[in-house]
Amino acid sequence: MTKKIRVRFAPSPTGGLHLGGVRTVLFNYLFAKQNGGDFILRIEDTDQTRFVEGAEAYIFNTLQWCGIVPDESPLHGGPFAPYRQSERKANYRQFAEQLVIDGFAYYAFDTPADLEAMRTEYKTAENPSPQYNHILRDKMRNSITLTPDETATLLAAGTPYVIRIKMPLNETVTFHDMIRGEVNFNTSQLDDKVLLKADGMPTYHLAVVVDDYQMKITHAFRGEEWLPSAPVHLLLWKYLGWKNDMPEWAHLPLILKPDGNGKLSKRDGDRLGFPVFASDWIDPKTNETTIGFKERGFLPEAFVNLLAMLGWNDGTDQEIFSMEELIAKFSIDRVHKGGAKFDYEKAKWYNHEWIKRKPSKELELSIQKYFAEAGITVTDDVLLAKAIDLVKDRCTLLPDFVTQASFFFQLPEQIDIAAVKPKWDEKKNMFFNELIRAFELSAVWEATDLETEFKEMAAAHQLKPGELMLPLRIMLVGGKFGPGVFDIAATIGRTETVSRIKKVLGLIELN
RNA sequence: GGCCGGUUCGUCUAUCGGUUAGGACAGCCCCCUUUCACGGGGCAAAGACGGGUUCGAUUCCCGUACCGGCUACCA
């Protein structure tokens with residue numbers, strides 16, 4: 001019997017969830033669901049100095065928006081609760097101490113000042129960042145340099161200490177990464193990472209290993225920035241005697257800034273004018289809000305889709321995938337090794353595609369919100385549905401519906417008189433006055449009939465329809481944009497059409 | 001500096017030794033549209049470099065260059 005697939009996403013609740021984070025969740029989720037496995041959300045809040053109020057709730061809301069529901073989490077519970085590392089604190093110490101007993105780790109009593117002094121003292125041009133490693137540990141205050149009695153005394157006296165892993169000398173740590181293949185490290189190059197902090201909390205290194213073991217995680221996907229610490233984790237799995245239960249690893253490529261190089265950061269979004277966080281993040285300290293894809297007007301389907309395509313494809317030319325399709329087609333061995341630069345233009349294209357594909361009915365609710373924000377009240381659902389159908393092809397972001405369709409619900413805010421005035425004459429004036437009468441009397445009110453009527457009347461007046469269409473458009477929508485004029489007239493109705501024509505006729509007279 | 005990873009059009013990418021190196025976004029041109037878009041058609045645009053292996057390398061191996069990640073009692 002094969003083990004049930006269990007994956008986890010383990011964010012730190014320190015702020016907004018950025019693109020890279022959400023993509024990591026997504027790949028975890030896709031892999032789990034494809035294999036009928038479980039997706040666990042675990043909160044890594046071991047650094048109490050970085051804890052940010054509200055960040056955890058934000059993570060839940062954001063995942064929910066994306067359509068990702070954890071099978072187990074602090075919120076949903078589960079057989080391996082608690083799912084917050086701070087609540088599992090008492091659990092970690094025993095393992096760190098066992099490692100000391102087994103000779104794989106040791107107590108270190110160096111103060112932050114001691115460490116800083118060491119780093120300055122041993123800093124050279126060739127070695128700008130000295131490590132607490134197999135060489136330097138002999139010069140520090142720890143249970144290796146101290147006698148057992150001295151160590152015991154310090155411990156008994158309650159001296160603050162950390163537990164560090166004792167990196168073996170010149171061993172090769174090899175592991176298989178599902179994306180990168182075989183990766184090797186020489187332990188002599190590695191430093192003695194802290195496992196248990198002075199406050200009793202584990203560091204990430206200890207916590208992931210212990211939690212992944214206890215939560216029976218089978219596959220561990222995380223960002224490429226973790227690759228350098230993978231050997232520490234590997235050694236821990238081995239030293240703790242759990243090697244046979246170790247998950248398979250996959251280090252995902254990074255999402256890079258669009259210009260230049262380097263990891264995409266929140267700053268890049270601010271600088272270049274696009275969101276980096278999935279949804280709005282309001283910093284509780286400064287009250288500053290950082291815009292998210294959601295609020296910018298992205299559909300969750302598009303967001304998930306574009307994220308999936310950053311570093312993965314199914315080998316065909318298909319680019320539009322629903323979550324269901326992704327679950328069916330995703331494969332970890334088609335994930336790239338190299339990082340991908342984020343392209344906001346392409347991101348918008350995905351959204352446009354999803355807006356076009358999505359039934360108007362399903363768009364109504366979110367579009368309503370943007371109208372409300374713009375101070376436009378939409379009471380007529382039927383009108384809204386028609387308007388959405390008419391303009392969706394020309395909307396890339398949800399707020400575009402406001403600029404593209406507000407004239408369906410209210411008088412145009414601006415009327416581009418300048419576009420008609422120069423070519424305006426009495427003949428046109430007469431035409432439109434007659435058009436008003438004809439429209440008031442016409443038996444039916446359908447776009448095609450209105451167009452026919454309009455064109456016949458133009459012919460009768462010996463005017464080219466082309467000269468009259470633009471004025472009519474300006475009268476109805478206020479500017480040179482929008483769907484077909486007769487569709488608009490048909491949609492807003494007889495009364496409204498006639499009244500708008502009259503109004504603009506009056507304005508032209510005045511000018 | 002050290003360690004690890006990466007490298008196909010401007011960008012995201014296809015290619016699992018033999019292709020006119022394909023698609024998409026962006027750009028440019030044309031058509032459609034008596035508005036703006038959508039849409040359709042077209043143009044331009046790539047294997048970092050140097051060695052091998054091979055009848056044949058974008059593809060496999062090595063080196064170089066460049067880019068990135070890590071180098072905290074942060075994750």
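The values are calculated or read from the model by the stated rules, or taken from the named source; none is laboratory data. Bear in mind the structure is a predicted one, so any value in this text is a computation, not a measurement. Every residue, glycine as well, gets a Cβ built from its backbone with ideal geometry; the counts of neighbours run over all protein chains shown. Areas reflect the complete protein model, heavy atoms only, side chains present, ligands, DNA and RNA absent. Shrake-Rupley method; radii C 1.70, N 1.55, O 1.52, S 1.80 Å.
Any idea which of A:ASP259, A:ASP211 is within 13 Å of RNA strand B (Cβ to nearest atom) and assigned to a loop (DSSP other than H, G, I, E, B)?
On inspection, the qualifying residue turns out to be A:ASP259.
Checked against (1) in contact with a helix residue (DSSP H, G or I) (Cβ under 6 Å, 6 or more places away or on another chain); (2) assigned to a helix (DSSP H, G or I); (3) aliphatic (A, V, I, L, M), A:ALA57 passes all but a single condition, namely (1). With a requirement of 2 or more residues that are within 8 Å of RNA strand B (Cβ to nearest atom) and either open to solvent by 30 Å² or more (accessible area, probe 1.4 Å) or closer than 16 Å to A:LYS427 by Cβ (or both), the helices (runs of 4 or more DSSP H) lying completely within the range A:442-511 that satisfy it span A:447-460, A:465-477.
For every residue, the table says whether it meets (1) surrounded by 16 or more Cβ atoms within 10 Å (Cβ to Cβ); (2) under 23 Å from A:ARG6 (Cα atoms); (3) modelled with pLDDT under 95; (4) in the same structural domain as A:HIS205 (by TED's automatic domain parsing).
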| residue | (1), (2), (3), (4) |
| --- | --- |
| A:LYS33 | yes, yes, no, no |
| A:GLY36 | no, yes, no, no |
| A:PHE60 | yes, yes, no, no |
| A:GLN64 | no, yes, no, no |
| A:PRO70 | yes, yes, no, no |
| A:GLY103 | no, no, no, yes |
| A:ASP114 | no, no, no, yes |
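Residues that are in a strand (DSSP E or B), closer than 24 Å to A:HIS336 by Cα and of a type in the set (Val, Ile, Thr) within the range A:164-186 comprise A:VAL173, A:THR174, A:VAL183, listed in sequence order.
Within the range A:227-248, residues that are under 19 Å from A:ILE5 (Cα atoms) reach partners that are in a helix (DSSP H, G or I) and within 14 Å of RNA strand B (Cβ to nearest atom) with beta carbons closer than 8 Å, at six or more positions or on different chains, in the pairs A:TRP237/A:VAL209; A:TRP242/A:VAL209; A:MET246/A:LEU234; A:PRO247/A:ASP212. Considering the conditions (1) closer than 30 Å to A:ASP380 by Cα; (2) assigned to a helix (DSSP H, G or I); (3) not polar (S, T, N, Q), A:MET430 is excluded by exactly one of them, (1). Residue count for the range A:115-163 under the criterion of being among the charged types (D, E, K, R), part of a loop (DSSP other than H, G, I, E, B), farther than 20 Å from A:LYS197 by Cα and over 42 Å from the mean Cα position of the chain (by Cα): the result is 0. With the condition kept exactly as written, say whether any residue in the range A:372-380 is assigned to a helix (DSSP H, G or I) and open to solvent by 20 Å² or more (accessible area, probe 1.4 Å). Yes, the range A:372-380 contains a residue that is assigned to a helix (DSSP H, G or I) and open to solvent by 20 Å² or more (accessible area, probe 1.4 Å).
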